[in-house]
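Read-outs throughout are calculated quantities, based only on the coordinates presented, and are distinct from any laboratory measurement. Bear in mind the structure is a predicted one, so any value in this text is a computation, not a measurement. Neighbour counts run over all protein chains shown; Cβ positions are idealised from the backbone, glycine included.
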Amino acid sequence: MPTPGLVIVDKPAGFTSHDVVARLRRILRTRKIGHAGTLDPMATGVLVCGVDRGTKLLGHLALDTKAYTATIRLGASTTTDDAEGEPTGGADASAVAEDAIRAGMAALTGAIEQVPSSVSAVKIDGKRAYARVRAGEDVVIPARPVTVSEFTLDALRRGSPESATVTDLDVTVSCSSGTYVRALARDLGAALGVGGHLTALRRTRVGPFTLEHARSLSDLEEDPALSLDLDGAVATAFPRRDADAATAADLSHGRPVPVAGIDGTYGVFAPDGHAVGLVAERDGAARPVVVLAPAGSRGPAGSGPAPDGP
């Protein structure tokens, strides 16, 4: 049985998130692997995967803020708002003023209403938008509120080997979950009157997990190991409560425990330093959300069954 926890993968370009999970299943020799925070095949960077009991954490991780580095090409629009789509037009962007670009980016910063790409995974009447597009349907996705806390210009390059009329922008984006960076590229190009699309995207952070936690698939092939065991994952991703032995024992049996006045979901740690579970306070008690070290288990965060006999 593999040690439960999280593997933070530096996803390579050309892989779907499901491809990464399939590779991890072979590397770690277990089928009990899941992922959170899907990345498009074109994108690279941080992908959070749970292993064994670590999959229980995935639905509770606060992955509501994300950060990216990206390249936006002004001067051409595409059907998918990124480099994988077919060209749909554009205009000469070789002379677009840098001040105008920065002003356009500022207008797309803060609390905004964003229309996701028509080939996004947003559901329209219960069906993914991209599936409707592939079926030949005309898809209209309503705008929705998102927050772009950072949209900054790091570098600007005029022209490319393919075209002298484009301008490429290297940018940094920090945003709320549900924000589409390729939609920012599309909307910036539209506001400047030249069209735009995304040519590169790298996720550098999702929630508390960064590229510093991440490992490449080739590194994992050579050294199959977790990025964070259950104790480290809970300590990194949730507020911490250190409990006495009686409280830890109650939680290990799935019983509510006394409140501690902590907002949201938080981790409870036993006196030995291991995570017992996640709880949330309501109705005057801290109630179990996930029990990670059920009664009768032993080792770090319940790594195995207790031995038989006295």
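So the values come out like this:
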quantity	calculated
26 Å Cα cut-off, lysine pairs counted over the chain (separation 8 or more, or different chains)	10
Listed residue (173, 266, 30) projecting farthest to the positive dipole end of the chain, Cβ model	30
Neighbour-count order for 42, 105, fewest beta carbons within 10 angstrom listed first	42, 105
Förster radius 41 Å - calculated FRET efficiency between residue 84 and residue 156, Cβ distance, rounded to 0.05	0.95
Range in the chain, longest, excluding exposed GluC sites (Glu not before Pro) [loop by DSSP; at most 10 other beta-carbon atoms within 10 Å]	1-161
Formal net charge of residues neighbouring residue 34 (Cβ-Cβ distance under 12 Å; K, R +1; D, E -1)	+4
Choice from 215, 287, 182 showing the highest fluctuation, given a GNM over the chain with Cα pairs closer than 10 Å	287
GNM flexibility winner over the chain from 50, 178, 14 (Cα, springs under 10 Å)	14
Packing-based exposure ordering (other Cβ within 10 Å, fewest first) of 68, 266	266, 68
MRE, 222 nm, helices only [DSSP H, n ≥ 4, -39500 (n - 2.57), over the chain, to nearest 500]	-6000 deg cm²/dmol
Gaussian network model of the chain, springs between alpha carbon atoms under 10 Å - residue of 76, 286, 100 with greatest fluctuation	100
Proximal charge balance of residue 211 [Cβ under 14 Å; K/R count +1, D/E count -1]	+3
Local electrostatic count at residue 250 - Lys and Arg +1, Asp and Glu -1, tallied over other residues with Cβ under 14 Å	+2
Relative exposure of 253, 35, judged by other C-beta atoms within 10 Å (fewest first)	253, 35
